[in-house]
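Enquirer: The structure that follows is given in the form of structure tokens.
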Amino acid sequence: MTNANRDRLIPNPARRRLVAAALALPVSVAARTGGAAFGEPLRVAAAADLKYALTDLVQRFEAQERVAVRLTFGSSGQIATQIRQGAPFHLFLSADERFALDLAEEGRTEGKGGVYAQGRIALALPPGSPLKADGTLADLGQAIGDGRLKRLAIANPEHAPYGERARQALIHAGLWEAIQPFLVFGENVAQALQFALSSAQGGIVSLSLVKAPPVQQQLGGFDLIPAQWHTPLIQRLVVVRGAPPAAHALAAFVFGPTGRAILAAYGFLPPEG
Amino acid sequence: MEWPALLLSLELAAVTLLILLPIGLWGGRWLAYHSFPGRAVVEALLFLPLVLPPTVLGYYLLVMLGTAAPLGRWLQETLGVTLVFHFSGLVIASILVNLPLMVPVLQRSFEAIDPELRLAAEVIGLPAWRIFWQVELPLVWRTLVSASVITFIHTLGEFGVVLMVGGNIPGETRTLSIAIYDRVQAFDLASADAMAFLLLALSLGAVTLSFALAKRGAP
């Protein structure tokens, strides 16, 4: 191979650019991690029923306190597991207080936190759904028999509180056994709603998601399920041990008048029920 | 479009590629020229991530590196490092996932070099580093670029491992594919559309470029 040939294959400017890129990259990474250490953003993990309500609430908090907040949503059980595995969350808002209290008992939180709301479940229907919202799930029972129901979405009852409550409500209505072949499970309640409105005839999800404006546009109708049909969804917030002071500030904001008003607007009941 | 997610994915892809380049070159070359007992096992292990479900790889990483695991706890207590749910964990996972796209590919390329060419270079007294730089590298150059492009784009789109090991923390572990998944759940299809189309276009471009390089390299 001649020199000229070789030089065409690896042109010098290309080599120089490669070296420059190699030098620049670690610098950019260092800048990113260093920047994070300066004013560390607040990392909040929340149950997926808060997807819209908390996003709203945190926007107000950020404007008022000038703190950057990073929101992660998932099922409460999944988040609790991630915290045990070392996920660096500062604040955890659980749709079922059991998951928060378990972490508190394990000594992973600063105290037991507090209850910020109670949740409700609802049957959500896509536009043009063959199901009817009749307030009793009676029509759902009939739809199983007459073939109108193909799929009903709920969150995974194993680790998602709303999935567990949907299961309880279906047991109460006497439909749990019959509806088994029709169930499709979302990883969390937000995904269950997405399934319900995009590819199923309906789903049992949280009222807080149904009330959110982006969901309202996609919704055909909904039906609140009586609170007596399931154990209460007591929603508890805990500050994870070692969290910065801003975590306590956000917790106070959630419990304060603004926080309460926003949560109420999304259909959450006050802590006392 | 979620710009922080795009930026994070680009950064992850770049860091992964930068670490894999020397590993791929050195490892591929070494495997091409050396024969040793258990070589087949090493080659199989390097290829494994390609057929292993990403969630399985993610699961083992999580189980080994999580703070509930002995290794993970040791790392945290002695070095103060938590790899899971952190960018560094994503880098480790991406390197493992992309090993088969770099090392075996480059190995084939080094194996294809005519041994007489290297012999001739040795005979005229070229030092080893010049043989590598002036004889071998120009011959594997196209493969190197093509493997790098595929690795880079593949990392941009990786989902299973990232979700298992990284969670979904905005600006830290929420990559482009996780953001697409998240936006769909939030009924924000406009945003999901834009990101999905970007990945589609980039992937198509990468494969096209890689094929074009392979054709030009053929005799």
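Enquirer: Apply the Karplus curve 6.51 cos²θ - 1.76 cosθ + 1.60, θ = phi - 60°, to the phi angles in segment B:179-195 and return the couplings in whole Hz, x for Gly and Pro.
Expert: 5, 4, 4, 5, 5, 5, 5, 9, 6, 9, 6, 4, 5, 4, 4, 4, 5
Enquirer: For segment B:92-102, just list the computed ³J(HN,Hα) in residue order, Karplus coefficients 6.51, -1.76 and 1.60, θ = phi - 60°, integers in Hz, with x standing in for Gly and Pro.
Expert: 4, 4, 5, 4, 4, 4, 9, 3, x, 8, 10
Enquirer: Related question: Tell me, what are the semi-axes, in whole angstrom and largest first, of the equivalent ellipsoid of segment B:86-219 as set by the roots of 5 times the Cα gyration tensor eigenvalues? Numbers along the way, then the final one.
Expert: On the way: eigenvalues 314, 59, 17 Å².
Gyration-tensor ellipsoid for segment B:86-219: 40, 17, 9 Å.
Enquirer: Another question, if that's okay. On a C-alpha basis, how far is the centre of segment A:215-264 from the centre of segment B:121-141 in Å? Whole number, if you could?
Expert: So the two Cα centres are separated by 66 Å.
Enquirer: Let me ask something additional. Given springs between every Cα pair under 10 Å in a Gaussian network model of chain A, which of A:Val205, A:Val215, A:Val189 has the largest fluctuation?
Expert: Evaluated over chain A, the most mobile residue of the options is A:Val215.
Enquirer: Label B:Thr208 and B:Ala196 with points 7 Å out from Cα along Cα→Cβ: what is the distance between them in nm?
Expert: 2.1
Enquirer: Separate question: Per residue of A:207-220, count partner chain C-beta atoms within 10 Å of its C-beta, then hand back the mean as an integer. Walk me through the intermediate numbers first.
Expert: Numbers: counts 0, 0, 2, 0, 0, 2, 0, 3, 2, 0, 1, 2, 1, 0.
Mean number of neighbouring Cβ atoms from other chains: 1.
Enquirer: Further question: Looking only at segment B:1-44, which residues have a backbone nitrogen under 19 Å from a spot 7 Å from the Cα of B:Leu137 in the C-beta direction?
Expert: Answer for this model: B:17-33.
Enquirer: Rank B:Thr55, B:Ala186, B:Leu96 by how far each Cα sits towards the positive end of the charge dipole of segment B:3-217 (+1 on Lys, Arg Cβ; -1 on Asp, Glu Cβ) and give me just the farthest.
Expert: Value computed over the given set: B:Leu96.
Enquirer: Oh, and also: DSSP loop GluC sites (Glu not before Pro) in segment A:131-202 with at most 16 other Cβ atoms within 10 Å of their Cβ, which ones? Don't skip to the answer; put the middle values down first.
Expert: Details: sites: A:Glu158, A:Glu164, A:Glu177, A:Glu187; in loops: A:Glu158, A:Glu187.
Filter output for segment A:131-202: A:Glu158.
Enquirer: Output the relative contact order of segment A:120-229, whole-number percent, from Cα pairs under 8 angstrom with separation of 6+ residues.
Expert: 44
Enquirer: A follow-up question, please. Please list, ordered by chain and number, the residues whose modelled amide H lies under 5 Å from the amide H of A:Leu183; skip anything fewer than 5 residues away on the same chain.
Expert: Residues meeting the amide H criterion: A:Leu152.
Enquirer: If R₀ is 35 angstrom, what is the calculated FRET efficiency for the pair B:Trp129 and B:Ala44, using the beta carbon separation as r and rounding to 0.05? Intermediate results must be reported in sequence, preceding the final value.
Expert: Values: r = 31 Å, r/R0 = 0.88.
According to the calculation, E is roughly 0.70.
Enquirer: On to the next question. Can you sort B:Trp26, B:Trp3 from fewest to most other Cβ atoms within 10 Å of each residue's own Cβ?
Expert: Fewest to most other Cβ atoms nearby, the residues stand as B:Trp3, B:Trp26.
Enquirer: While we're here: For peptide B:178-188, what's the mean number of Cβ atoms from other chains within 10 Å of each residue's Cβ? Walk me through the numbers on the way to the answer.
Expert: Working: counts 0, 0, 0, 2, 6, 0, 4, 13, 13, 14, 1.
Across B:178-188, the average partner-chain Cβ count within 10 Å equals 5.
Enquirer: Whole number please: convex hull volume per residue of the Cα set in chain A, in Å³?
Expert: Values: hull volume 55.7 nm³, N = 273.
So the per-residue hull volume is 204 Å³.
Enquirer: Continuing with the same structure: Leaving out same-chain residues fewer than 8 places away, which aspartates and glutamates sit with a Cα under 13 Å from that of A:Lys51?
Expert: Reachable aspartates and glutamates: B:Asp182, B:Asp188.
Enquirer: Okay, moving on. Based only on other Cβ atoms within 10 Å, what is the fewest-to-most ordering of B:Lys215, A:Lys51?
Expert: Going from sparsest to densest Cβ surroundings: B:Lys215, A:Lys51.
Enquirer: Additional query: How large is the translational diffusion coefficient of the protein assembly as shown in µm² per second when you combine the Kirkwood radius over alpha carbon pairs with Stokes-Einstein at 37 °C and 0.692 mPa s? Walk me through the numbers on the way to the answer.
Expert: Numbers: Rh = 25.3 Å.
Rounded, D is 130 µm²/s.
Any read-out appearing in this document is the output of simple, stated calculations on the displayed coordinates, not a laboratory observation. Here the structure is a predicted model, which means the values were calculated and not measured. So basically every Cβ, Gly included, is an ideal-geometry build from the backbone, and we count neighbours across all protein chains shown.
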